[in-house]
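> Encoded as structure tokens, here's the structure I'll be asking about.
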Amino acid sequence: MNWTAITLAGVLALMAGGVQAESVRTESYSWKTIPFQGGGFVDGFLYHPKTPNILYARTDVGGAYRYDYGNRRWVPLMDGFGRDDWDCFGVMTFAVDPNAPQRLYATCGLYLSDRAPDGGVIRSEDQGATWQKTTLKGIKLGGNAMGRGAGERLQVDPSNGDVLWLGTPQNGLLKSTDRGRSFSRMAAFVPKAVTTVLIDGKTIYAGSGETGDGLYHSVDGGETFRKIEGSPKMIPHQMALDADGTLYVTFADALGPWGVSDGAVWKLKGDVWTDISPAKPTKALTFGYSGLDLDRQHPGTIVVATTNRYSGGGDDIYLSRDGGATWKPFKDQAEHKADGHPWLLNYMKGDDEDSTARKEMGHWMDALKINPFNSDELLYGTGYGVWMTRNLSALETGGSVVFDFENENFEETVILGLESPPKGPKVLMAAGDVSGSAWHDLSQTPSRGLFSPTHETNQDVAFAALAPNIIVRSADNENISGYISYDGADSWQPLPAEPPPLQTKDWNNNRAGKIAISAKGKTMIWVPENHPAYHSSDGGKTWTLSKGWPAPQRGQEAVADKVNDATFYMFDRAAGQVLVSRDRGQSFGLLAGGLPAGNGQLRAAPGFEEELWLASGAALYRIRNGQPVAIAGVDQAWQVTFGKAAKGHKYPAVFLWGKLGGEEGLWRSDDEGTHWTRINTDATRFGQMRAIAGDPREHGVLYIAPDGRGIMVGRPQ
């Protein structure tokens with residue numbers, strides 16, 4: 001075991017916080033992604049225009065990546081950001097300096113609401129290995145907002161690397177003259193919403209995100225702006241300037257990635273606009289355009305992608321070699337190689353309402369690029385991952401354009417539920433958009449594919465502690481909201497009935513919520529989102545309202561005791577109380593009070609009856625015999641879980657995501673919270689955790705689900 005001494009500052013902080021310095025150590029861990037590959041919206045690509053083999057990708061919730069050409073895998077770039085900078089995993093736009101290949105810029109900010117953190121611009125001098133951040137006070141940037149597939153709206157002036165331009169969704173156009181350390185708003189640009197920016201010498205083009213406003217430009221370096229006469233009265237999504245001065249622009253009637261019903265492709269040469277759309281939307285077949293790029297080695301060559309074409313065969317990519325005069329579609333010649341990704345085959349052939357959009361080229365194809373140094377290499381993003389071809393020229397020779405699912409180490413799945421059973425699969429996940437899955441081999445993508453029947457979003461997955469082959473899961477946005485497996489997730493059957501709120505099929509207001517299952521699998525408690533709990537002890541044939549359940553709150557769940565088959569718990573966040581049911585969910589009553597109100601995660605310790613731990617945010621509590629005791633020295637506790645006990649110990653290892661002595665990290669205690677070991681570093685903070693789960697079979701192993709980064713496994717080195 002490799003122990004590393006903490007710093008002097010850390011020692012002083014820990015002593016001030018009431019923890020003995022010798023009680024906290026660090027242990028070297030390796031952190032690796034568990035292969036799933038893909039799973040989320042890839043909304044932008046960026047090649048360096050002057051240096052070969054530099055390619056970046058951005059995602060709406062999973063941060064940015066750099067492509068490793070030598071190993072054909074992606075390198076995540078945001079894993080060093082911690083909980084306070086969790087929104088840096090929402091990258092609305094990014095930029096490179098054309099004259100400095102090591103320099104990279106990106107934006108932080110997931111959402112646009114007043115409750116969201118202020119946005120920021122991060123800058124790197126080593127291709128994203130390390131970052132510095134500038135917070136934009138009072139400005140929100142929507143990496144996961146409408147319009148995130150547009151852009152790029154962050155640009156470095158090719159003639160002066162100190163100057164950056166940033167288009168924002170709500171605060172107009174910003175300019176920096178110090179390499180992104182500070183920004184000021186350009187009053188000359190009137191629209192509040194900006195979708196795309198392009199710099200050509202003194203000329204600056206900027207697309208307005210306000211419907212019908214069109215494209216603006218400045219010919220004096222940004223001192224003044226005016227709307228370009230004749231600009232189509234739609235929203236510019238992407239644009240590119242060819243060697244002969246022709247500007248190509250894709251338009252849509254909405255920001256996307258959904259809600260688009262009209263669009264076009266136009267080019268601007270001098271003062272003349274020309275509609276060069278390869279296909280035109282109709283009332284019966286609605287769609288728009290977003291993805292666009294030029295072949296830098298062959299002027300006049302352009303590729304564009306439709307967006308939101310949910311019928312008529314779905315979205316497609318079109319290639320033109322003559323500036324848009326004629327076009328050739330991809331779909332009929334495209335061959336997508338999904339071998340080795342059983343989950344993807346399930347997903348593309350799924351049975352949910354959006355599956356038709358995925359059966360051919362894919363959906364949400366806003367990201368589209370040709371390698372400026374290799375005209376045969378084209379890649380595009382979808383709502384579930386990256387497709388790349390290396391034989392684009394086959395499109396014109398009548399051959400197959402072969403697309404590889406290029407997602408090695410590209411993990412953007414949003415995990416909503418994470419468990420590690422003592423038998424059967426090593427890891428179970430419930431995921432947003434892509435159902436859920438089970439891993440028996442952590443070195444490869446799940447061999448059994450997605451949980452089947454395949455559904456879009458699974459809210460949670462849970463196993464019976466003493467009969468782990470019995471597993472339940474819940475599913476949103478589908479005709480059936482609950483499933484049960486009796487063979488360790490190999491096969492599933494619908495639960496015979498659902499609680500009354502879910503029988504309306506109004507999934508938007510009555511989402512599936514979470515299902516808990518008792519220790520021996522005899523009883524289930526189902527808590528639909530924003531509704532009280534219902535219990536069933538007849539295999540889901542009938543559901544009865546649980547008495548004593550508090551007023552519904554978002555995210556409520558029941559927690560099954562790991563030993564007693566009749567006992568369940570819940571944390572009433574509004575009252576700061578833990579409630580217990582000892583009659584299979586028929587009624588709940590007070591077990592422990594006086595706890596902090598607000599968000600809290602309650603977990604039952606395996607192997608011990610009525611043994612609970614509560615990560616309350618402000619503290620970590622252990623609750624035995626109804627008596628909560630705060631664990632000394634824990635400053636903050638956001639999530640807690642359990643793993644296999646250390647050699648010579650009976651009590652399971654306790655894992656914590658929280659703060660000790662002011663130090664944020666992932667921690668492990670092998671002696672019931674008396675001593676703690678930090679098991680990650682500042683380079684492996686991973687933003688914020690959606691879920692954590694200890695391995696009950698191998699001591700020290702922890703599975704984590706950082707927001708938008710799939711699942712990772714940490715092991716002692």
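The values are calculated or read from the model by the stated rules, or taken from the named source; none is laboratory data. Note that this is a predicted model, so its numbers are computed, not measured. Reconstructed Cβ throughout: ideal geometry from the backbone, glycine too, with neighbour counts over all protein chains shown.
This table checks each residue for (1) under 26 Å from Ala145 (Cα atoms); (2) assigned to a loop (DSSP other than H, G, I, E, B); (3) in contact with a Ser or Thr (Cβ under 9 Å, 6 or more places away or on another chain).
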| position | (1), (2), (3) |
| --- | --- |
| Gln238 | yes, no, yes |
| Val249 | yes, no, yes |
| Gly259 | yes, yes, no |
| Pro278 | no, yes, yes |
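> Consider only pairs whose beta carbons are under 6 Å apart and that are at least six residues apart or on different chains; among these, list those whose first residue lies in region 671-691 and is in contact (Cβ under 8 Å) with a residue 12 or more places away in the chain and whose second residue is of a type in the set (D, E, K, R) and not in a loop (DSSP other than H, G, I, E, B).
Within 6 Å, the pairs are Thr677/Arg25; Thr677/Glu27; Thr677/Arg668; Ile679/Glu27; Ile679/Arg668; Gln688/Arg83.
> Which count do you get for residues in region 56-77 that are touching a Gly at 6+ places or on another chain (Cβ under 6 Å) and part of a loop (DSSP other than H, G, I, E, B)?
Residues flagged as touching a Gly at 6+ places or on another chain (Cβ under 6 Å) and part of a loop (DSSP other than H, G, I, E, B) within region 56-77 amount to 4.
> Something else about it: Output yes when any residue across region 535-542 is more than 31 Å from the chain's Cα centre (by Cα) and touching a residue at least 60 places away in the same chain (Cβ under 8 Å), and no when none is.
Scanning region 535-542 turns up no residue that is more than 31 Å from the chain's Cα centre (by Cα) and touching a residue at least 60 places away in the same chain (Cβ under 8 Å).
> When region 258-294 is examined, which residues are found to be over 19 Å from Ile370 (Cα atoms) and among the hydrophobic types (A, V, I, L, M, F, W, C)?
Across region 258-294, the qualifying residues are Trp258, Val260, Ala264, Trp266, Leu268, Val272, Trp273, Ile276, Ala279, Ala284, Leu285, Phe287.
> Going through Gly643, Gly617, Gly600 one at a time, which residue ends up being within 28 Å of the chain's Cα centre (by Cα) and on the phi > 0 side of the Ramachandran plot?
Residue meeting the stated conditions: Gly617.
> Checking Lys175 against (1) surrounded by fewer than 22 Cβ atoms within 10 Å (Cβ to Cβ); (2) in a strand (DSSP E or B); (3) out of contact with any Gly (no Cβ under 8 Å at 6 or more places or on another chain): exactly one of these is not met. Which one?
(3)
> Taking only pairs six or more apart or across chains, which ones have beta-carbon atoms under 6 Å, a first residue in region 655-667 that is closer than 17 Å to Leu614 by Cβ, and a second residue that is surrounded by fewer than 20 Cβ atoms within 10 Å (Cβ to Cβ) and of a type in the set (D, E, K, R)?
Sorted first by the residue in region 655-667, then by its partner, the pairs are Lys659/Asp635.
> Looking at Lys331, is it closer than 27 Å to Tyr384 by Cα, of a type in the set (Lys, Arg) and out of contact with any Phe, Trp or Tyr (no Cβ under 7 Å at 6 or more places or on another chain)?
yes
> Where in region 414-477 are there strands (runs of 3 or more DSSP E), lying fully within it, with 2 or more residues that are within 18 Å of the chain's Cα centre (by Cα) and either among the hydroxyl-bearing types (Ser, Thr, Tyr) or crowded, with 19+ Cβ neighbours inside 10 Å (or both)?
415-419, 427-431, 436-439, 458-464
> With the structure loaded, tell me whether Ile302 is under 34 Å from the mean Cα position of the chain (by Cα) and of a type in the set (A, V, I, L, M, F, W, C) or whether it fails that test.
Yes; evaluated as a whole, the condition is true for this residue.
> To continue, here is another question. Restricted to region 436-478, and to residues that are in contact with a Pro (Cβ under 9 Å, 6 or more places away or on another chain) and of a type in the set (S, T, N, Q), which residue is farthest from Asn407 (Cα to Cα)?
Asn469
> Among the numbered criteria (1) over 22 Å from Asp332 (Cβ atoms); (2) out of contact with any Asp or Glu (no Cβ under 7 Å at 6 or more places or on another chain); (3) among the small types (Gly, Ala, Ser); (4) modelled with pLDDT of 95 or more, which single criterion is violated by Ser452?
(4)
For every residue, the table says whether it meets (1) more than 19 Å from Ile54 (Cα to Cα); (2) among the polar types (S, T, N, Q).
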residue	(1), (2)
Asn99	no, yes
Gln102	no, yes
Ile122	no, no
Lys137	yes, no
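> Counting only residues that are among the charged types (D, E, K, R) and buried (at least 18 other Cβ atoms within 10 Å of the Cβ), how many does region 209-246 have?
Qualifying residue count, region 209-246: 2.
> For residues that are hydroxyl-bearing (Ser, Thr, Tyr) and part of a loop (DSSP other than H, G, I, E, B), scanning just region 667-695, find the one that is nearest to Leu416 (Cα to Cα).
Thr684
> For region 646-662, state whether one or more residues are under 22 Å from the mean Cα position of the chain (by Cα) and modelled with pLDDT under 95.
Taking every residue of region 646-662 in turn, none turns out to be under 22 Å from the mean Cα position of the chain (by Cα) and modelled with pLDDT under 95.
Each row is one residue, and each column tells you yes or no for (1) under 30 Å from Phe36 (Cβ atoms); (2) assigned to a loop (DSSP other than H, G, I, E, B); (3) at pLDDT below 95; (4) touching a Ser or Thr at 6+ places or on another chain (Cβ under 7 Å).
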{"position": "Pro299", "(1), (2), (3), (4)": "no, yes, no, no"}
{"position": "Tyr318", "(1), (2), (3), (4)": "no, no, no, no"}
{"position": "Asp322", "(1), (2), (3), (4)": "no, yes, no, no"}
{"position": "Thr326", "(1), (2), (3), (4)": "no, yes, no, yes"}
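> May I ask you to list the residues in region 190-221 that are more than 13 Å from Thr168 (Cβ to Cβ) and small (Gly, Ala, Ser)?
Selection gives Gly201, Gly212, Gly214, Ser218, Gly221.
> Continuing with the same structure: Just one of Glu611, Glu557 is under 20 Å from His531 (Cβ atoms), at pLDDT 95 or above and among the acidic types (Asp, Glu); which is it?
Only one candidate passes the filter, namely Glu557.
> For region 376-383, indicate whether the set of residues that are over 28 Å from Ser452 (Cα atoms) and in contact (Cβ under 8 Å) with a residue 40 or more places away in the chain is non-empty.
Checking region 376-383: at least one residue is over 28 Å from Ser452 (Cα atoms) and in contact (Cβ under 8 Å) with a residue 40 or more places away in the chain.
> Of the numbered conditions (1) surrounded by fewer than 24 Cβ atoms within 10 Å (Cβ to Cβ); (2) within 32 Å of the chain's Cα centre (by Cα), Ala558 satisfies every one except a single condition; which is it?
Unmet for Ala558, out of (1) surrounded by fewer than 24 Cβ atoms within 10 Å (Cβ to Cβ); (2) within 32 Å of the chain's Cα centre (by Cα): (1).
> What's the total number of residues in region 528-565 that are under 17 Å from Asn509 (Cα atoms), touching a Ser or Thr at 6+ places or on another chain (Cβ under 9 Å) and among the aliphatic types (A, V, I, L, M)?
1
> Next question. Can you work out which of the residues in region 316-337 that are surrounded by 16 or more Cβ atoms within 10 Å (Cβ to Cβ) and in contact with a helix residue (DSSP H, G or I) (Cβ under 7 Å, 6 or more places away or on another chain) is farthest from Gln238 (Cα to Cα)?
Per the criteria, the residue is Gln333.
> Report whether or not Gly207 is modelled with pLDDT under 95 and either under 30 Å from Lys280 (Cα atoms) or of a type in the set (Phe, Trp, Tyr) (or both).
Considered against the rule, which asks whether it is modelled with pLDDT under 95 and either under 30 Å from Lys280 (Cα atoms) or of a type in the set (Phe, Trp, Tyr) (or both), Gly207 comes out as no.
> Go over the candidates Leu590, Leu579 one by one and state the one that is modelled with pLDDT of 95 or more and either outside any strand (DSSP E or B) or buried (at least 22 other Cβ atoms within 10 Å of the Cβ) (or both).
Leu579
> When you scan region 122-162, how many residues do you find that are part of a loop (DSSP other than H, G, I, E, B), polar (S, T, N, Q) and free of Cβ contacts under 8 Å to residues at least 40 places away in the same chain?
1
Residue-by-condition table, conditions (1) under 22 Å from the mean Cα position of the chain (by Cα); (2) outside any loop (DSSP other than H, G, I, E, B); (3) under 26 Å from Phe81 (Cα atoms):
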position	(1), (2), (3)
Tyr621	no, yes, no
Asp635	no, yes, yes
Gln639	yes, yes, yes
Gly665	yes, yes, yes
Arg697	no, no, no
